[in-house]
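Structure record follows, encoded as structure tokens.
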Amino acid sequence: MALQVRYPHSEQTASPKSLSHKQIWAVATSVRSQLHVESCQRNLPLEQRIPRLGRMVVNEVHFEVDWDLEHNVVNHAGRPVMGATEYDKASPGCVMVSVNGPKLRNDTLLRSTIAHELGHVVFEGPAWVLCPPEQPVQNSFTGRVSSRDVREVRANEFMGALLVPALMLRVDLQRLARQHRLQRSRRPSEVLTNTPAYDAGKLDPDIIADVIFELAERYGVSESFMRVRLERYNLLRSTTHKLER
Ligand SMILES: [Zn+2]
């Protein structure tokens, strides 16, 4: 079965329209629901779901996705990168994804790189297939994302919401907050409706660190990844001010 995805896009070029974070999260939720994850399961072993990611229908555009996790990956400048998504009109109707498996021995890094590249497949793939570029194109991922590059920001938001969905994290954080008797902020989350939020700066840093560690373990992502999600959903504020993302 091909993975089915829809989002607002241009009919002519198949490129995404300007998507809000919430629209990107909705795409991630839809993809997650098609990956046969139990509804209560937090950890998404994406590296084991590659066989389900070989065919896609995005906004009615059909294409294949060729995944390679076995080799070292370099960008056009010859520098090693974590992953790359490419299209070459010599292989029509096929998006190629390379993830630097040999370098990414750490499971959480492997998983987040697959999720990021899958974001490029979902959002860039249809336009490449429908209007093939003259020259081969490549999006490569070094781990650092410029906030001005719409495609990279979009792939990162997709990655974040795929591995850590907002509505699940909201439930888990509230449970942990109750256990640890964390006092909620007077300001609720500005991103998720009817959801309490917490101000990290006013709470015990050791407890906050424990909570983040536990959540990261539960979802199979790194602690810095979890901090970014908590911040993005405006559930726990001011944990990432020193982190560059
Ligand atoms: Zn990228």
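Can you find even one residue in the range 113-124 that is more than 16 Å from the ligand (Cβ to nearest atom) and not polar (S, T, N, Q)? Don't jump to the end; show me each part of the working.
Step one: list which residues in the range 113-124 are more than 16 Å from the ligand (Cβ to nearest atom), which gives none.
No, the range 113-124 contains no residue that is more than 16 Å from the ligand (Cβ to nearest atom) and not polar (S, T, N, Q).
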Task: Criterion violated by S189 - all others in (1) polar (S, T, N, Q); (2) surrounded by fewer than 16 Cβ atoms within 10 Å (Cβ to Cβ); (3) under 22 Å from F158 (Cα atoms) satisfied - done: (2)
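Listed here are the residues, each with its yes/no results for (1) without any contact (Cβ under 8 Å) to a residue 24 or more places away in the chain; (2) more than 12 Å from the ligand (Cβ to nearest atom).
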site	(1), (2)
A77	yes, yes
G83	no, no
G101	no, yes
P126	no, yes
Q135	yes, yes
N139	no, no
Open item on the list: Looking only at the range 141-181, filter to residues that are among the β-branched types (V, I, T) and away from the ligand (no atom under 15 Å from the Cβ); which one of those is nearest to S15 (Cα to Cα)?
Closed with: V164
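Which residue out of R105, R111 is under 26 Å from E223 (Cα atoms) and exposed (fewer than 13 other Cβ atoms within 10 Å of the Cβ)?
It is R105.
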- [ ] Filter the range 34-67 for residues that are within 16 Å of the ligand (Cβ to nearest atom) and either over 25 Å from P8 (Cα atoms) or free of Cβ contacts under 8 Å to residues at least 24 places away in the same chain (or both) and give the result.
- [x] L46, W67
Open item on the list: touching a Phe, Trp or Tyr at 6+ places or on another chain (Cβ under 8 Å) and outside the structural domain of L215 (by TED's automatic domain parsing): is that true of V137 in this structure?
Closed with: yes
Open item on the list: Looking at the range 106-162 only, could you name the residues that are hydroxyl-bearing (S, T, Y) and under 21 Å from P80 (Cα atoms)?
Closed with: T108, S112, T113, S140, T142, S146
Task: Odd one out for V99 among (1) touching a Leu at 6+ places or on another chain (Cβ under 9 Å); (2) farther than 27 Å from A216 by Cα; (3) β-branched (V, I, T) - done: (2)
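If you take the residues in the range 85-99 that are hydrophobic (A, V, I, L, M, F, W, C) and surrounded by fewer than 20 Cβ atoms within 10 Å (Cβ to Cβ), which one is nearest to the ligand (Cβ to nearest atom)?
This residue is M96.
The values are calculated or read from the model by the stated rules, or taken from the named source; none is laboratory data. Note that the structure is a prediction, hence the values are computed from the model and not measured. Every residue, glycine as well, gets a Cβ built from its backbone with ideal geometry; the counts of neighbours run over all protein chains shown.
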